[in-house]
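The values are calculated or read from the model by the stated rules, or taken from the named source; none is laboratory data. Owing to the predicted nature of the structure, the values given are computational and were not obtained by experimental measurement. Neighbour counts are summed over all protein chains in view; Cβ atoms, including those assigned to glycine, are modelled from backbone coordinates with ideal geometry. Note: areas computed on protein heavy atoms with side chains; ligands, DNA, RNA excluded. Shrake-Rupley method; radii C 1.70, N 1.55, O 1.52, S 1.80 Å.
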Amino acid sequence: MTPATMMKQPINRETLDNLTAKTAEWLKADRQAGMNEFEKIPFPVRTEETWRRTNPKLVSLEGKEVIAPVSEFGQIGEGNLPEGATFGSITDLYDEKLHKLMIRKRDNGINSFTALNKAMWQGGSLLHVNSDVSFGDLTLHAKHTFKGGENCLGLTRSVIHVGKFSKASIIETFTSDDAELMACPVIDIKVEEGTNVRYVFVQGWGNETNCVPMIRTEVGKDAHLQVLYVGLDGKVTKLFVESDLEGEGCKSEVNGLVMAAGQQHFDFDLNQYHRVGSNVSDVLFHVALADKARSNFSGNVLCAPGSQKIDGYQQNRNLLLSDTARADSMPKLEIEANDVACTHGATFTTYDEGQYFYCRSRGLSEAEAKRLLVRGFFQEVVNRVEQPVIVDYLMDLVAEKMDHVLGK
């Protein structure tokens, strides 16, 4: 367990100087570059298309002070961390060699929140896997817990690098108490040639947490990266996922499982960039909304000029559990090639009356019937995981949320 630093650290150059006073020169330079970016990039405004459905004032950074989480690192399932893999706190393990491996080829995925994270991150995870390493059924698990308060800001950073022809699975869980918190976690994932990697982001924030997570990925030749976002808690969420398909034969899979209630607000901004030809992107987001919850899905498949023979798919399916819930969906395509197969779509539905009647006629209570139908709605996303220990872990979380929303 990594202890939290309870001291609040304001956002300014003096704090940055204190953070970098005893750090290596490469890290000091990187943090300073982040602060330079933060000072130059204007904070988003409501008139920007990206922020039209989420008021940036709700996730303001003004007056915020950075706090560190308590982090725990363990595993789900049987087995031991294989030789050739390093996993734990980024504070203890991040080094210049890995930093150079993680330098991004592109400048997408940079905004006020990621720039500040780069400058002043506190805590987070690190996973580095050498070539030709397999975890078998072992799934690593990192849990970051925040104790909030007035003007508190969480800036965790997670770095995941998996070498050629390796296989790995990791879950990160983010939680907080019900005190005020603004959270801007950044997750950078780079998978090399021939890898098979699964990353799960579980959002279990408290009721007063607003967050702007950023997940940035680079997928190499013949690699398969599966990202699963599980959104269950929190107040206001503006999620960004920026996926760069850099190699031929690779597949980038981004899945979402979201259940919202009360006045929870979820806004998803997902971009799949096909940088070369002959690769596949696959986005599937299932969102269930109760009470006055709201969601907005904005997905885009972008094909660079000459990126022929690519397959791009994105689907957003929404289940409205009340008359006052609302979902908006805007899947898009930006194609600059003439030999591609790209599709997108969105659906909106309520409970299937026939299925609901069938469940009730077989003796299920109203709550039991609704729970079964919601579970079935999520099943397509869950089936993609294909790792029983992760499926069991996730369905326990979903069941707990359904108990709260639909009753037992």
As an exercise, take the mean of 1/r over every pair of distinct alpha carbons in segment 224-379, invert it, and state the Kirkwood radius in angstroms. 16.6
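What does the charge count around residue 143 come to, taking other residues whose C-beta lies under 12 Å from its C-beta (Lys +1, Arg +1, Asp -1, Glu -1)?
Result for the local shell: -2.
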Whole-Hz ³J(HN,Hα) from phi, Karplus 6.51 cos²θ - 1.76 cosθ + 1.60, for segment 43-52, glycine and proline x: 5, x, 10, 5, 6, 6, 4, 4, 10, 5
Taking protein heavy atoms only, a 1.4 Å probe, and rounding to whole percent, the accessible area of segment 83-207 owed to carbon and sulfur comes out at 42
Calculate one ³J(HN,Hα) per residue across segment 296-304 by plugging θ = phi - 60° into the Karplus curve 6.51 cos²θ - 1.76 cosθ + 1.60, and present them in order as whole Hz with x for glycine and proline. 9, 10, 10, x, 9, 9, 10, 10, 5
Expressed to two decimals, the chain has a Cα Rg over Rh, using the Kirkwood radius, of 0.96
About the Cα centre of the chain, what is the dipole size in debye to 20, counting +1 per Lys and Arg Cβ and -1 per Asp and Glu Cβ, all else neutral? 500
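For every helix of n ≥ 4 consecutive DSSP H residues, a contribution of -39,500 (n - 2.57) applies; sum these over the chain, divide by its total residues, and give [θ] at 222 nm rounded to the nearest 500 deg cm²/dmol.
Details: 8 runs with 89 residues, N = 408.
Estimated from H runs of four or more residues: -6500 deg cm²/dmol.
Run the count for segment 173-296, please: Lys pairs, Cα-Cα under 25 angstrom, 8 or more apart or on different chains. Could you put the intermediate results ahead of the total?
On the way: 190/221; 190/238; 190/251; 221/251; 235/292; 238/251; 238/292.
Counting lysine pairs in segment 173-296 gives 7.
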Quote the relative contact order of segment 280-332 in percent (integer), defining contacts as alpha-carbon pairs under 8 Å separated by 6+ residues. 54
Taking alpha-carbon centroids only, segment 301-327 lies from segment 83-149 a number of Å equal to 28
Roughly how many debye, to the nearest 20, is the charge dipole of segment 278-329 about its Cα centre, given +1 on each Lys and Arg Cβ, -1 on each Asp and Glu Cβ, and no other charges? 60
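Can you list the trypsin sites (Lys or Arg not before Pro) in segment 91-200 that are in a DSSP coil and have 12 or fewer other beta carbons within 10 angstrom? It would help to have the intermediate numbers written out before the result.
On the way: sites: 97, 100, 104, 105, 106, 118, 143, 147, 157, 164, 167, 190, 198; in loops: 104, 105, 106, 147, 164.
Hits after loop and neighbour filter: 105.
Can you tell me the FRET efficiency between residue 349 and residue 18 if r is taken as the Cβ-Cβ distance and R0 is 56 Å, rounded to the nearest 0.05?
Numbers: r = 53 Å, r/R0 = 0.95.
The computed FRET efficiency comes out at 0.60.
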Scan of the chain for GluC sites (Glu not before Pro) in DSSP loops with at most 13 other beta-carbon atoms within 10 Å gives a longest site-free stretch of 151-335
Amide H partners (placed H, <5 Å) of residue 195, local residues excluded: 165, 166, 223, 224
Taking placed amide H atoms and a strict 5 Å upper bound, the residues 5 or more places from residue 295 or on another chain that come that close are 266, 326, 327, 328
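What percent do you get for the relative contact order of segment 206-265 when only Cα pairs under 8 Å and 6+ apart count?
Values: 120 pairs, mean separation 26.3, N = 60.
Computed value for segment 206-265: 44 percent relative contact order.
Exceeding 23 Å between C-alpha atoms, which entries from my cross-link table qualify? They are 147/370; 64/100; 8/147; 143/167. Can you show the working numbers first?
Details: 147/370 34 Å; 64/100 30 Å; 8/147 11 Å; 143/167 21 Å.
Those over the limit are 147/370; 64/100.
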Using the crude model of +1 on Lys and Arg Cβ and -1 on Asp and Glu Cβ, and no other charge, please compute the dipole size for segment 302-363 relative to its Cα centre, in debye to 20. 300
Relative contact order computed over segment 99-173 (Cα-Cα under 8 Å; 6+ residues apart), in percent: 44
Average accessible area per residue (Å²) across the chain - probe 1.4 Å, nucleic acids and ligands excluded: 42
